[in-house]
Amino acid sequence: MRHTPTRVAILINNTYVADARAWKTAVSLGRAGYHVTVIARWGPGLPTTEQLDHHTVTRVRQPQPLAWLPAPSLPETGDVSPGPIGATRRRLRDSLGRAVQVLRYLRMSRAWARVIATQVEAADVWQAESVITLSLAVALRKRFGGLIVYDANDIDSEAGRMARLPGPWKQLLRRHERRLARAADAVVTVSDPYATVLGRILGRPVDAVVRNAAMVQGGDAEPTPGDVARSDRLQRLFDLPAERRIVLYTGQVMRGRGLRQLFEAVSLVAEADLVVAGFGPDYERYQTIAAALPHADRIHFAGAVTPAELPEWTRGADVSAMPVQPDTLNHRLNTPTKLYDAIGVGVPVVASDLPGIAPIVSETGCGVLCDPTDPADIARAIRDVIDAPEEERTALRLRCLRAARSRYSWQQQVRELLRVYDALGV
């Protein structure tokens, strides 16, 4: 234990209800002797301060400057207005409208940094998880001093709706992120493919890859069949027969994650229900979509699950589905947290056959790959897992846990993160 603990502030742009990576990082740094505070966005009904496992949480209301000024939302897939009037609207949106967005973002980040500075103490390390919080870290370092670690969870300029920004605006975002990242003392990311692309975008090498692996019980011991026995928690929660097979989806409920395809796929799998345990901007929209389907009674929404509760939830599944869509570079190279969460409790996966996730699934033998755009192929992959003989299913679950207890354990990832902190002298 350190005699004078280094103060680490982890800056995140969410409410810290279900941010598994930030939670694991905060807990692990706290256990290693650092004094950790997670600075999150405040939300209705949430406490402004919490004391959790080896760390403190401070939630700060995010300012909304210039909220009265109209500006376009970020573009969605297929966001095209037809005809000459539509073309004129697009030109206005992509010029004046985007300029308003940039102004709002700059005002918001500066105002949020000022508010945070009045509510938290100085830190020795400011760790940021996105370009938005990286700008906060740079502003807070100017005020308080300290070092900056940029934990780039995504390729921001190639993620979600940002990936569909007009070229000049995307380049502006990239230049902004590059300038901020060059001010950081270390850059960390979640996978080797991300590290390659980010090194090119940021104009500097990534110092370490810290995968989104799961905290697992049992250390590196050889797993036994008893370690991978399925829980009946989900059957009890949704009043389902004990023999009902459970397909689990966890994480963000939003476009690009394959939920529409998964809803259709589950209708093609006999005696199986889908449980959606997640959160996100499109949660209610997907609830409405599911409710209109003929098999709506086989799709269950559980809301956000805290990182501490997630292992027990996941253990109740027969298979964890992650049909991430190939709609952006960020998604094509994605290695989702839910992959590691699943194998961390011995649950096999059905995953997209994409460059980010496929090599890990193939190397570990922890599941079946599918074409994420084809519901029939997703259903085929699900059946390959849950219709296999019991002996094969047990062997598959053991392979998952074996991988999670070796190369893909969170304990291994923490060593990489601590190596970065040690190199910074903190």
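Some values worked out for this structure:
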quantity: Scan of the range 49-63 for residues that are among the hydroxyl-bearing types (S, T, Y) and without any contact (Cβ under 8 Å) to a residue 60 or more places away in the chain, ordered by number; calculated: T49, T56
quantity: Inter-residue pairs, beta-carbon under 6 Å, first on the phi > 0 side of the Ramachandran plot and in the range 256-277, second surrounded by fewer than 21 Cβ atoms within 10 Å (Cβ to Cβ) and at pLDDT below 95, 6+ apart; calculated: G256/D327
quantity: A317 being part of a loop (DSSP other than H, G, I, E, B) and of a type outside the set (K, R); calculated: yes
quantity: Residue count for the range 179-215, restricted to those that are part of a loop (DSSP other than H, G, I, E, B), within 16 Å of the chain's Cα centre (by Cα) and within 17 Å of D156 (Cβ to Cβ); calculated: 3
quantity: Those residues of the range 106-129 which are under 22 Å from A208 (Cβ atoms) and open to solvent by 20 Å² or more (accessible area, probe 1.4 Å), in sequence order; calculated: D124, E129
quantity: Hits in the range 200-244 (condition: among the basic types (K, R) and surrounded by 14 or more Cβ atoms within 10 Å (Cβ to Cβ)); calculated: R204, R211, R230, R233, R244
quantity: In the range 290-312, the residues that are over 16 Å from the mean Cα position of the chain (by Cα), buried (at least 16 other Cβ atoms within 10 Å of the Cβ) and assigned to a loop (DSSP other than H, G, I, E, B); calculated: A302
quantity: From L198, L248, residue being modelled with pLDDT of 95 or more and closer than 30 Å to V187 by Cβ; calculated: L198
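The rows are residues; the columns are (1) open to solvent by less than 20 Å² (accessible area, probe 1.4 Å); (2) modelled with pLDDT under 95; (3) in a helix (DSSP H, G or I).
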residue	(1), (2), (3)
V275	yes, no, no
T288	no, no, yes
D327	no, yes, no
N334	no, yes, no
G346	yes, no, no
V361	yes, no, yes
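The values are calculated or read from the model by the stated rules, or taken from the named source; none is laboratory data. The structure presented is a predicted model; accordingly, all values stated were derived computationally and were not measured. Positions of Cβ are backbone-derived with ideal geometry, glycine not excepted, and every protein chain shown enters the neighbour counts. These area figures cover heavy atoms from the full protein model, side chains too; ligands, DNA and RNA do not enter into them. Shrake-Rupley method; radii C 1.70, N 1.55, O 1.52, S 1.80 Å.
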